[in-house]
Amino acid sequence: MALRRIRDPATAEPLDRGLVVWFPGPHSFTGEDCAELHVHGGPAVVSGVLRALGRLPGLRPAEPGEFTRRAFHRGKLDLTAAEGLGDLIHAETEAQRRQALRQMEGELGRLYQRWSETLTQALAHLEAYIDFSEDDNVEEEVLSQVDAAVRALEQELGAHLQDGRRGELLRGGVHAVIAGPPNVGKSSLLNLLCQRPAAIVSPVAGTTRDVVEVSLNVTGYPVVLSDTAGLRDATDPVEREGVSRARDRLQRADLVLAVLDATAVPTEPAALGAAVGSLVPPAAPCILVLNKADLLRGDVGALRAACTQGPPVPPATLLSCKTGDGIERLLELLGQQLAQLCGDPLAGSPSLTQRRHSQHLGDCAAALARYGRHRARDLGLAAEQLRLARRHLGRITGHVGAEDVLDIIFRDFCVGK
């Protein structure tokens, strides 16, 4: 690294004074000889340096993700690490950053590589038995060892797939939907949580017709929060469409914030739970928000007790969107639900983060299941299933048949990364 005056090679005009860094291959990011110019960030300086570089023979601007693609082709990182780098570039929350950094550093790739090596060894032993068992060079117990290795891998892979989409939720954001009857303060809650007037608030019931969506960072977890139309039997065709969209969004929600009017709900837990159940799809994670707590009169002890009752009442809190009282408790409940949905990105085995990973792992698991069915009848067919399983793992890391997904992965990088 050296401090130098940077000049236009064609005119010798000084463009800037900055740091010039030389990275000799193969120890650079891409594995090639690389040079970096650290210049001041003003638009005129950057455009002047880029114009001067563009006039040099053999130089051109990098395509999006091209440096990372070159690193992949030279074996500096596998596809899972490249995807982790892309996620790190686009990370907006602490939890996203932690997960992406862990993947970029190769933990997910090493896990899949270990599974691939297990399959390679099992396949080699099985083929050795097929080829040499008649010569008594391979003992019968080899088959038992292969079966045990495949069963263990099947169990580990199944547990990895049954992670509740934690990695995907953390990468793309938890889709949380605010739902409830008209005029209970759903739009006010959206505005309170995002600290800006994102939705129109009116005392007239049925103001919200379309879905209003905002992205939030809640205790380090990414949330895509949707405000929806009040749920009722609407007669107006426009409102009816809004209610239909609200119900559709509810069916696809990862988390529901069910909002009810605290002045109009029953205090008996069973009745309160039934009121929530009429709004929320079965088994959907839910937080009950009893809004308009500032309008409550008299003893509210029974209602507070119902909020802490537990099933059939979901985690609940009293809130006043008007005064802000109760927002800390709501954020606490929201953080707990998000932590449960997304998990700790630093704990345990690395999580699945991409849908293509799930698809290939599902295909791998199916091939292992077919191995078990073929094992007793035809060892040749059983061996072919192990080859297929290994191929699907290789497609995740890019070691097998990666060309069809390279463009999709690398095009999402910013230019030059």
Residues in region 297-311 near a label at A270, defined as backbone nitrogen under 15 Å from the 7 Å Cα→Cβ point?
311
Convex hull over the alpha-carbon atoms of the chain: what's its volume per residue in Å³?
224
What size of dipole, in debye to the nearest 20, comes out for the chain about its Cα centre when the only charges are +1 on Lys and Arg C-beta atoms and -1 on Asp and Glu C-beta atoms?
1460
Which whole-number value in Å³ per residue fits the convex hull of the alpha carbons of region 1-115?
132
To the nearest 0.05, how large is the calculated FRET efficiency for Q336 and F23 if R₀ is 35 Å and r is the Cβ-Cβ distance?
0.15
Percent relative contact order for the chain, counting Cα pairs under 8 Å at least six residues apart, stands at 18
Taking only Cα atoms of region 298-359, radius of gyration then Dmax in Å:
17.4, 56
Here the percent of antiparallel bridges among DSSP beta bridges lying wholly in the chain, to the nearest 5, is 50
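Can you count the Lys pairs in the chain with C-alpha separation below 17 Å, eight or more apart or on different chains?
4
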Multiplying the sequence separation of R252 and R356 by 0.36 nm and subtracting their Cα-Cα distance, what value in nm do you get?
35.4 nm
Kyte-Doolittle at least 0.5, axis length at least 20 Å by Cα - qualifying DSSP helices, the chain
327-342
Once label points are set 7 Å from the Cα along Cα→Cβ at both R110 and D233, what is their separation, rounded to one decimal in nm?
6.1
Picking from P14, P282, P61, which is most flexible by a Gaussian network model of the chain using Cα springs under 10 Å?
P14
Principal axes of region 169-342: Cα extent on each, largest first, Å
39, 39, 31
Per the 1/(1 + (r/R0)^6) rule, R0 = 51 Å and r from the Cβ atoms of H40 and E140, FRET efficiency to 0.05 is 0.10
Cβ under 13 Å from L334's Cβ, L334 left aside: what net charge do those residues give with Lys, Arg +1 and Asp, Glu -1?
-2
How far apart, in nm, are the 7 Å Cα→Cβ label points at A283 and D147?
3.3
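Grab the Cα-Cα distance for I89 and A198, subtract it from 0.36 nm times how many residues apart they are, and report the gain in nm with one decimal.
Net length gain for the segment: 36.5 nm.
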Local charge sum around L381 (other residues, Cβ-Cβ under 14 Å, Lys/Arg +1, Asp/Glu -1)?
+2
Would you mind calculating the relative contact order of region 2-60 from Cα pairs under 8 angstrom and at least 6 residues apart, reporting the percent as a whole number?
26
The simple spin-label model distance between R387 and H125, using points 7 Å out along Cα→Cβ, in nm, is 2.0
With N denoting the number of residues in region 2-60, provide Rg(C-alpha) divided by 2.2 N^0.38 Å, to two decimal places.
1.19
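Rule-based calculations on the coordinates, nothing more; no lab input. Predicted model, so just to flag it, every value in this text is computed and none were measured. Reconstructed Cβ throughout: ideal geometry from the backbone, glycine too, with neighbour counts over all protein chains shown.
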